[in-house]
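Notes to accompany the following structure.
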Amino acid sequence: MKAYRYALILFVAVALAACKTTTKTATLPQKATLPTAAGEGLGEGLYSAQPSPLPDARGTGAGLTEKSPLAQRIDSLLLTADTLLQSTQLGLHIIDLSSGEIVYAKGERQRMRPASTEKMVTAITALDCLGPSYCFTTALLSAATVSGGTLQGDLYVRGAMDPLLSVADVRRLVSQLKAAGVKKVAGRLVADVSMKDEDEYGWGWCWDDENPVLSPLLCGGKPALIDQLRSALRTAGITVSKGTAKGTFPKQYDPADTTSASKRYELAAIRRPLTEVLKPMMKESDNLCAEAVFYQLSRPTPSPSREGGERLALKNPTGKHWGRKRSAAIINELIERTANSQCSMFNVQCSMATGLVADGSGLSLYNYQTPETFTRLLTYAAARQDSIYLPLLEALPIAGVDGTLEKRMKDTPAAANVRAKTGSVSAVSTLVGYTTQRSTGHVFAFAILNNGLPRMAEGRTLQDKICILLSE
């Protein structure tokens with residue numbers, strides 16, 4: 001165990017030195033509070049390295065033979081909740097990102113239902129593969145020419161499953177079309193729904209839930225884009241000669257391609273940044289926003305401008321849309337990569353439990369993740385401050401301040417400190433995120449999953465107590 005710890009310390013030192021000379025990630029101060037939107041830094045430790053392997057002893061920290069005082073306090077807390085834990089399941093994993101040590105681990109490799117903390121997995125994967133500047137693009141396209149105010153062919157409406165697209169946005173599209181000189185469409189108004197599969201609901205969703213409809217042609221959160229567009233066209237005095245149809249735009253069009261190759265077909269477009277969609281997805285736990293982000297991973301023509309985008313392109317070389325299974329495969333690839341890279345670095349046997357990705361929101365009964373998977377992804381995100389970590393933090397609920405944590409942990413050390421995603425479905429309550437230990441400035445990544453709860457409030461109370469301990 002001592003040899004392992006020496007190897008870990010040596011690896012972190014080498015990684016930090018490399019980070020200072022070869023990457024553009026901002027230097028992270030030794031002790032700092034959790035970053036804000038202004039971009040404050042984090043402690044170093046494993047931020048510029050891969051997550052460390054778990055020690056055999058649980059709750060002792062990497063390589064330590066005795067439990068830390070913090071781990072002992074968590075032990076005591078769990079003893080007080082013994083009646084609850086005898087009849088329910090708890091998965092708990094806490095990493096000190098500033099030192100690289102495992103603070104506490106209990107049932108960390110159990111496959112458990114994550115509920116809406118599945119959105120954390122979706123968000124980190126999207127930021128990694130698509131980047132914070134990625135945009136949902138709803139576009140009006142045509143391969144025909146405009147002559148004398150008439151578009152000499154069909155007008156295609158290519159949906160992007162933008163969950164925040166509004167009636168006002170549709171009017172903006174029509175204004176752009178009119179500015180392009182179009183007063184009449186000689187052909188049809190064609191609804192292009194090719195960006196996703198035909199499934200209107202997620203795999204494993206309950207029939208009696210209030211589930212959103214998964215359509216590429218969203219407006220106001222419903223599949224109403226075509227109706228709203230027809231109304232806006234009439235109001236603007238633009239006529240369509242041959243009615244409405246469904247089809248696929250016949251030319252290659254990549255909304256992320258800013259060159260003339262794609263732009264020449266684009267008569268109007270509304271672009272919404274990924275970060276704008278992440279805020280309601282994470283803070284308010286908006287399921288439609290989460291599914292929309294999930295399906296962006298399946299986009300037919302991913303931009304190769306990012307490392308993650310290149311991985312997407314390799315998995316989909318023909319540009320064919322694969323739908324839900326493809327999005328899940330992209331997420332699983334990231335989960336496996338964060339585990340396997342660590343195991344190979346330290347030359348240790350990798351026996352990590354894997355979960356099941358059924359959707360992007362956590363609504364599905366088929367979703368399963370382990371607490372360890374969450375903390376690995378959180379550590380991976382923290383190592384990529386500008387591209388993943390800071391955009392993620394800005395989107396997460398803040399304890400006692402906003403979102404789904406607004407009423408929790410008020411007037412405690414965790415208030416305005418814990419930034420985490422909540423999860424709640426019947427018998428399940430979960431919390432996954434970050435907090436700063438005020439006494440040391442160390443930053444913790446944590447995953448707390450309670451399953452089988454008779455009353456979800458009991459799970460939330462335990463989660464809050466753990467977060468308060470971590471934040472003191």
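The values are calculated or read from the model by the stated rules, or taken from the named source; none is laboratory data. Just so it is clear, the model here is predicted, and its values are computed rather than measured. Positions of Cβ are backbone-derived with ideal geometry, glycine not excepted, and every protein chain shown enters the neighbour counts.
Just a few scattered comments:
- ARG419 satisfies every condition listed in (1) under 19 Å from ALA328 (Cα atoms); (2) crowded, with 22+ Cβ neighbours inside 10 Å except (1).
- Among (1) surrounded by fewer than 22 Cβ atoms within 10 Å (Cβ to Cβ); (2) over 30 Å from GLN152 (Cβ atoms), the one test that LEU214 misses: (1)
- Unmet criterion (only one of (1) touching a helix residue (DSSP H, G or I) at 6+ places or on another chain (Cβ under 8 Å); (2) buried (at least 20 other Cβ atoms within 10 Å of the Cβ)) for VAL182: (1)
- ASP199 being acidic (Asp, Glu), within 30 Å of LYS279 (Cβ to Cβ) and out of contact with any helix residue (DSSP H, G or I) (no Cβ under 8 Å at 6 or more places or on another chain): no
- Restricting attention to the stretch 134-163, the residues that are in a loop (DSSP other than H, G, I, E, B), at negative phi and buried (at least 20 other Cβ atoms within 10 Å of the Cβ) add up to 7.
- The single condition among (1) closer than 25 Å to TRP205 by Cα; (2) buried (at least 24 other Cβ atoms within 10 Å of the Cβ); (3) in contact with a Lys or Arg (Cβ under 9 Å, 6 or more places away or on another chain) that LEU365 does not meet is (2).
- Residue within the stretch 235-244 that is at pLDDT 95 or above, among the aliphatic types (A, V, I, L, M) and assigned to a loop (DSSP other than H, G, I, E, B) present: yes
- Residues of the stretch 407-446 that turn out to be within 30 Å of CYS129 (Cα to Cα), part of a loop (DSSP other than H, G, I, E, B) and either out of contact with any strand residue (DSSP E or B) (no Cβ under 7 Å at 6 or more places or on another chain) or of a type in the set (Val, Ile, Thr) (or both), as a count: 1
- The stretch 206-224 residues that are closer than 12 Å to LEU363 by Cα, paired with ones that are among the polar types (S, T, N, Q) and buried (at least 20 other Cβ atoms within 10 Å of the Cβ) (beta carbon under 6 Å, 6 or more apart): PRO212/ASN287
- If the condition is being part of a strand (DSSP E or B) and crowded, with 22+ Cβ neighbours inside 10 Å, then the stretch 103-122 contributes VAL103, TYR104, ALA105, MET112.
- Within the option set LEU390, LEU470, being touching a Leu at 6+ places or on another chain (Cβ under 9 Å) and on the phi < 0 side of the Ramachandran plot holds for one residue only, LEU470.
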